[in-house]
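Okay, so here's the structure we're looking at.
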Amino acid sequence: MARKKALEEDILTDSTYYILLTLVRPMHGYGIMQEIKELSNNKIDIGPASLYTILKKLQDGELIKLLDDNGDRRKTYILTDKGKELIKKDIERRRLMVSYGEKALKILEG
(Lines give C-alpha, C1' and ligand atoms only; values in the text may rest on other atoms or scores of the structure.)
Protein backbone atom coordinates (compact mmCIF):
# COMPACT_ATOMS: atom_id res chain seq x y z
CA MET A 1 0.00 0.00 0.00
CA ALA A 2 1.40 3.37 -0.98
CA ARG A 3 2.10 5.74 1.92
CA LYS A 4 -0.13 8.50 0.58
CA LYS A 5 -2.96 6.02 0.10
CA ALA A 6 -2.46 4.66 3.63
CA LEU A 7 -2.94 8.08 5.20
CA GLU A 8 -6.01 8.70 3.05
CA GLU A 9 -7.47 5.46 4.42
CA ASP A 10 -6.61 6.41 8.03
CA ILE A 11 -3.92 3.76 8.31
CA LEU A 12 -0.60 4.94 9.68
CA THR A 13 2.85 3.80 8.65
CA ASP A 14 5.15 3.07 11.56
CA SER A 15 7.00 6.36 11.07
CA THR A 16 3.78 8.35 10.97
CA TYR A 17 2.50 6.49 14.02
CA TYR A 18 5.59 7.38 16.05
CA ILE A 19 5.48 11.01 14.94
CA LEU A 20 1.85 11.36 15.99
CA LEU A 21 2.58 9.66 19.32
CA THR A 22 5.20 12.28 20.10
CA LEU A 23 2.84 15.12 19.26
CA VAL A 24 0.47 14.50 22.16
CA ARG A 25 2.53 17.40 23.55
CA PRO A 26 3.77 20.39 21.55
CA MET A 27 7.15 19.58 20.07
CA HIS A 28 9.58 20.83 17.44
CA GLY A 29 11.19 18.71 14.72
CA TYR A 30 14.45 17.90 16.46
CA GLY A 31 12.53 17.05 19.64
CA ILE A 32 10.29 14.69 17.66
CA MET A 33 13.32 12.83 16.30
CA GLN A 34 14.87 12.54 19.77
CA GLU A 35 11.60 11.44 21.39
CA ILE A 36 11.13 8.69 18.79
CA LYS A 37 14.65 7.40 19.45
CA GLU A 38 13.88 7.35 23.17
CA LEU A 39 10.47 5.69 22.77
CA SER A 40 11.96 2.98 20.57
CA ASN A 41 15.14 2.42 22.59
CA ASN A 42 17.16 3.72 19.62
CA LYS A 43 15.62 1.16 17.25
CA ILE A 44 13.86 3.75 15.11
CA ASP A 45 15.66 6.73 13.67
CA ILE A 46 13.69 9.07 11.42
CA GLY A 47 15.96 11.47 9.58
CA PRO A 48 15.15 15.12 8.92
CA ALA A 49 14.17 14.65 5.26
CA SER A 50 11.64 11.93 6.09
CA LEU A 51 10.41 13.75 9.17
CA TYR A 52 9.66 17.03 7.44
CA THR A 53 8.05 15.28 4.46
CA ILE A 54 5.72 13.43 6.83
CA LEU A 55 5.04 16.56 8.91
CA LYS A 56 3.98 18.37 5.72
CA LYS A 57 1.61 15.52 4.80
CA LEU A 58 0.18 15.49 8.32
CA GLN A 59 -0.40 19.25 8.17
CA ASP A 60 -2.02 18.93 4.74
CA GLY A 61 -4.27 16.21 6.17
CA GLU A 62 -5.16 18.46 9.12
CA LEU A 63 -3.85 15.89 11.60
CA ILE A 64 -1.33 18.28 13.12
CA LYS A 65 -0.98 22.02 13.23
CA LEU A 66 1.85 24.46 13.57
CA LEU A 67 1.71 26.50 16.76
CA ASP A 68 2.53 30.18 16.70
CA ASP A 69 6.28 30.31 16.44
CA ASN A 70 6.74 33.78 17.99
CA GLY A 71 9.73 34.34 15.73
CA ASP A 72 11.58 31.25 16.96
CA ARG A 73 13.50 29.36 14.26
CA ARG A 74 12.07 26.08 15.48
CA LYS A 75 8.58 25.21 14.38
CA THR A 76 6.43 23.60 17.06
CA TYR A 77 3.70 21.14 16.13
CA ILE A 78 0.73 19.63 18.00
CA LEU A 79 -2.05 17.17 17.20
CA THR A 80 -5.40 18.49 16.02
CA ASP A 81 -8.65 16.89 17.19
CA LYS A 82 -8.67 14.92 13.92
CA GLY A 83 -5.12 13.75 14.65
CA LYS A 84 -6.06 12.71 18.18
CA GLU A 85 -8.93 10.59 16.89
CA LEU A 86 -6.74 8.95 14.26
CA ILE A 87 -3.96 8.05 16.69
CA LYS A 88 -6.51 6.57 19.13
CA LYS A 89 -7.98 4.51 16.29
CA ASP A 90 -4.55 3.31 15.18
CA ILE A 91 -3.48 2.39 18.72
CA GLU A 92 -6.57 0.20 18.97
CA ARG A 93 -5.82 -1.36 15.55
CA ARG A 94 -2.30 -2.17 16.72
CA ARG A 95 -3.58 -3.62 20.01
CA LEU A 96 -5.71 -6.04 18.00
CA MET A 97 -2.72 -6.94 15.85
CA VAL A 98 -0.70 -7.77 18.97
CA SER A 99 -3.57 -9.81 20.38
CA TYR A 100 -3.82 -11.86 17.16
CA GLY A 101 -0.05 -12.26 17.12
CA GLU A 102 0.00 -13.53 20.70
CA LYS A 103 -2.65 -16.13 19.86
CA ALA A 104 -0.65 -17.29 16.84
CA LEU A 105 2.53 -17.43 18.94
CA LYS A 106 0.84 -19.70 21.49
CA ILE A 107 -0.14 -22.08 18.70
CA LEU A 108 3.36 -22.02 17.21
CA GLU A 109 4.93 -22.72 20.58
CA GLY A 110 2.59 -25.65 21.02
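The values are calculated or read from the model by the stated rules, or taken from the named source; none is laboratory data. In this text, all values refer to a predicted model and were calculated from it rather than measured experimentally. Glycine gets a Cβ as well: all are built from the backbone with ideal geometry, and neighbour counts include every protein chain shown. Side chains are part of the model used for accessible areas, which takes the heavy atoms of the whole protein and leaves out ligands, DNA and RNA. Shrake-Rupley method; radii C 1.70, N 1.55, O 1.52, S 1.80 Å.
Odds and ends about this structure:
- Matching residues in the stretch 51-71 - criterion: being modelled with pLDDT of 95 or more and among the hydrophobic types (A, V, I, L, M, F, W, C): Leu51, Ile54, Leu55, Leu58, Leu63, Ile64
- In the stretch 85-110, the residues that are touching a residue at least 60 places away in the same chain (Cβ under 8 Å) and within 23 Å of Lys56 (Cβ to Cβ): Leu86, Ile87, Lys89, Asp90
- Residue identified as on the phi > 0 side of the Ramachandran plot and outside any helix (DSSP H, G or I) among Asp68, Asp45, Asp10: Asp10
- Condition met for Arg74 (modelled with pLDDT under 95 and either among the aromatic types (Phe, Trp, Tyr) or open to solvent by 60 Å² or more (accessible area, probe 1.4 Å) (or both)): yes
- Positions within the stretch 18-36 being open to solvent by 30 Å² or more (accessible area, probe 1.4 Å) and touching an Asp or Glu at 6+ places or on another chain (Cβ under 6 Å), in sequence order: none
- Checking every residue in the stretch 92-107 against the condition of being in contact with a helix residue (DSSP H, G or I) (Cβ under 6 Å, 6 or more places away or on another chain), open to solvent by less than 80 Å² (accessible area, probe 1.4 Å) and not polar (S, T, N, Q) gives zero matches.
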